[in-house]
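Shown next, in structure tokens, is the structure this report addresses.
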Amino acid sequence: MSKPIAVVSCPIDTYSGYGARARDFVKALINLNKFDVQILSQRWGNTRFGYLEDHNEVDLSSRIIPKLTAKPKVWVQITVPNEFQPVGEYNIGVTAGMETTLVHHSWIEGCNRMNLVLVSSKHAKKVFENSKYSTEDTKTNQTGSLELKTKMEVLFEGADLSKYFTSTESLVDLSDISEAFCFLLVGHWMQGDFGHDRKNIGYTVKTFLETFKNRTSAPALILKTMQVGTSIMDRTAILKKIDAIRSTVKGKLPNIYLLHGELSDQEMNGLYNNPKVKAMVSHTKGEGFGRPLLEFSLVGKPIIASGWSGQVDFLDVNFSILLGGKLEKVHKSAVQKDMILEDAEWFTPNDAEVGKAYKEVYKHYKQYLTNAKRQKRISYTEFSFEKMQELLGIILDKNTPDFPEQIELTLPKLDLPKLEKLDG
């Protein structure tokens, strides 16, 4: 008796956030043992291929098929929603969702082509549900509305507890850093003028410098970032941005260190556990989920983060510092066609709360370290890969149809008489 075939179209072999999400999802789907899982490997922008071979993911590699040869019982697409297409008998779209307050109408249309859509956070689900458009039929002049019709469920991005955990081993050498207390920021430095890039890295640099300038003893800030790649040109461009911001702040300034390029999961866990890294900071303007924040929380160190969007699903306001602020229109310099819309809003932290949070964690570190241990427990027990897999099973049991059992026919072996050649 064979299981129904589920084909997952996704960037499974790429070094990207969506690639990591795809690998986790596919592994969970395989472990649930409900389907015969096959994979169509896709691109993800300009991110490079080779993850599966580099990490000896033989089981995943062995399930990749060159193309579809028949209509699958279940079709899953892990991508942005405007690419969703109903290819199978039952169709599931998986997306991180949106970091702002509005999705493009093509994303709603894409979701409505599927039977079920899974997003990474309550924030993302709310944005899809609140994004509504007026429509007009040019032939009949009749008006209507475009809104989400498809069932949508939240499937968080579970952390791998075998990769992110408290450890005394550090695989990243920070011996050149003289400071014993460092704040860490992790994220791509994306497009946008100062104060308008999505991860808000320029703003983070500025507020850190303003908070700790002219101190005889000051902490440092480590930036684990890049723009579009790991080239020397990219690194030089980031250093120029940092220097430009430093030139706007007067006085004796604290040190900022750039950590540029790719690190493995093991190296990232080593960085998080390094005794010089005391806390993570994220003044992000919006997250579909916020995976690095979840992974960092598993080492039990304090987190300062924007109190809006995907990360508030797992960051407890009692045990992490969630900053207040306000929603503001997306600046035109950060707009991305059909994705980050100029009519949308996202988060701007309150300057006073940012400065206070830095000072509080630096001055009363032990107090915040105690709270961080409690946050670690929440992340460990409620937001692991295993919990995500369990939730996926519940969602599939609740929503997918019962497919007829596919019975493999075994024909009886016939005992045929031997034929003899007759002489003519």
**Message:** Taking the criterion of being aliphatic (A, V, I, L, M) and more than 15 Å from V281 (Cβ to Cβ), would at least one residue in the range 193-215 satisfy it?
**Reply:** no
**Hits in the range 325-381 - residues which are part of a loop (DSSP other than H, G, I, E, B) and touching a residue at least 60 places away in the same chain (Cβ under 8 Å)** = V330, H331, Q336, D338, M339, I340, L341, D343, A344
**Asked** Within the group K122, K73, K67, which residue is over 26 Å from L263 (Cβ atoms) and surrounded by fewer than 14 Cβ atoms within 10 Å (Cβ to Cβ)?
**Response** K67
**Asked** Taking the stated definitions as given, is K329 surrounded by fewer than 17 Cβ atoms within 10 Å (Cβ to Cβ) and farther than 25 Å from E169 by Cα?
**Response** yes
**Message:** Go through (1) in a helix (DSSP H, G or I); (2) free of Cβ contacts under 8 Å to residues at least 40 places away in the same chain for L60 and report which single condition fails.
**Reply:** (2)
**Asked** Any residue in the range 238-248 that is closer than 29 Å to H331 by Cα and not in a helix (DSSP H, G or I)?
**Response** yes
**Request:** Looking for whichever is surrounded by fewer than 22 Cβ atoms within 10 Å (Cβ to Cβ), in a loop (DSSP other than H, G, I, E, B), among the basic types (K, R) and over 27 Å from the mean Cα position of the chain (by Cα) here; the options are K139, K149. Which one fits?
**Result:** K139
**Residue list for the range 108-123, restricted to those being assigned to a helix (DSSP H, G or I) and within 22 Å of T400 (Cα to Cα)** = I108, E109, G110, C111, N112, K122
**Request:** Collect the residues in the range 1-18 that are surrounded by fewer than 23 Cβ atoms within 10 Å (Cβ to Cβ) and touching a Pro at 6+ places or on another chain (Cβ under 7 Å), keeping them in residue-number order.
**Result:** I5, Y18
**Asked** Assuming L52 fulfils every condition listed in (1) touching an Asp or Glu at 6+ places or on another chain (Cβ under 8 Å); (2) within 26 Å of V127 (Cα to Cα); (3) outside any loop (DSSP other than H, G, I, E, B) apart from one, which condition is it?
**Response** (2)
**Within the range 273-311, considering residues that are hydroxyl-bearing (S, T, Y) and closer than 17 Å to G97 by Cβ, the one farthest from the chain's Cα centre (by Cα)** = S306
**Request:** Working only within the range 209-232, note down all residues that are farther than 26 Å from V361 by Cα and either in contact with a strand residue (DSSP E or B) (Cβ under 7 Å, 6 or more places away or on another chain) or not in a loop (DSSP other than H, G, I, E, B) (or both).
**Result:** I232
**Message:** Consider the range 15-25. How many of its residues are over 17 Å from S384 (Cβ atoms) and in a helix (DSSP H, G or I)?
**Reply:** 4
**Message:** Restricting to the range 287-308, name every residue that is at positive phi and touching a strand residue (DSSP E or B) at 6+ places or on another chain (Cβ under 8 Å).
**Reply:** G290
**Fill in**
Contact list, first residue from the range 180-205 and among the polar types (S, T, N, Q), second anywhere and buried (at least 24 other Cβ atoms within 10 Å of the Cβ), beta-carbon distance below 6 Å, six or more apart or interchain, is N200/H283; N200/T284; N200/K285; T204/L185; T204/H283
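Rule-based calculations on the coordinates, nothing more; no lab input. Bear in mind the structure is a predicted one, so any value in this text is a computation, not a measurement. Cβ: placed from backbone, ideal geometry, glycine included. Neighbour counts: every protein chain shown.
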